[in-house]
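Readers should treat all values here as calculations from the given coordinates under stated rules, not as data from a laboratory. Predicted model only: the values in this text are computed from it and were never measured.
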Amino acid sequence: MKNRRIKFGTQTLLLCAALAAVLAAVNVLVGFLPKSVTYADLTSQKLYTIDPQTESVVQSLDKDIDVYLVAQTGSEDDGIKIMLEKYKLLSPKLHVGFVDPVVNPNFVGKYTNVSLNENSLIVECKETGRTRTIDYTEIYAMIEDESIEMYNLTGEYYPDTFCLEDRLTSAINYMVTDKLPEILFLSGHGESDP
């Protein structure tokens with residue numbers, strides 16, 4: 001009877017050890033997958049889920065698009081990085097790069113003369129020669145008047161909305177659009193100066 005208990009206990013212990021080893025191996029393997037694959041969007045507004053219209057725009061790219069996240073190494077916004085990884089998976093024509101402004105201080109100056117905040121984006125299409133910058137304050141927008149008042153009082157930024165998909169898809173679409181809209185002003189008929 002005693003030998004039977006020892007044998008059963010040993011088998012149970014070995015089974016538990018084997019199960020723990022399998023779970024540890026699965027955990028390690030999942031750790032190698034990109035966050036865009038393993039990240040579940042649990043937000044009520046599905047902020048980190050890409051819209052089918054965006055998928056269509058990005059998947060139909062016929063020109064190479066470069067998107068640069070401008071942030072110091074280690075200070076990159078996780079939400080932005082996850083969304084950029086998701087965009088990158090949609091098309092081989094979309095390339096994502098990370099630029100540390102401390103290491104490469106002249107990089108932003110090639111695209112704009114405006115100072116960009118940390119975690120801003122630069123979108124470029126070399127084929128069309130077009131660029132667009134998306135400042136961090138456009139990615140995380142303040143909508144509520146109360147948030148804007150708080151920012152004006154404290155200088156701290158408390159965003160209300162994550163607008164990356166809207167801004168980035170618009171910039172990508174601008175890069176590849178063949179016909180850009182034109183605005184014309186008539187003058188000489190007593191119109192006010194635009």
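Amide H contacts for CYS163 (H built 1.01 Å from N in the peptide plane; partners 5 or more residues away or on another chain; cut-off under 5 Å): TYR140, ALA141.
Residue by residue through region 93-107, which ³J(HN,Hα) values in whole Hz follow from phi under the Karplus form 6.51 cos²θ - 1.76 cosθ + 1.60 (θ = phi - 60°), with glycine and proline marked x? Taking θ as phi minus 60°, the curve returns 7, 9, 10, 10, x, 10, 10, 8, x, 6, 6, 10, x, 8, 4 Hz for region 93-107. In this structure the amide hydrogen of PHE98, modeled in the peptide plane, comes within under 5 Å of the amide hydrogens of LEU69, none closer than 5 places in sequence on its chain.
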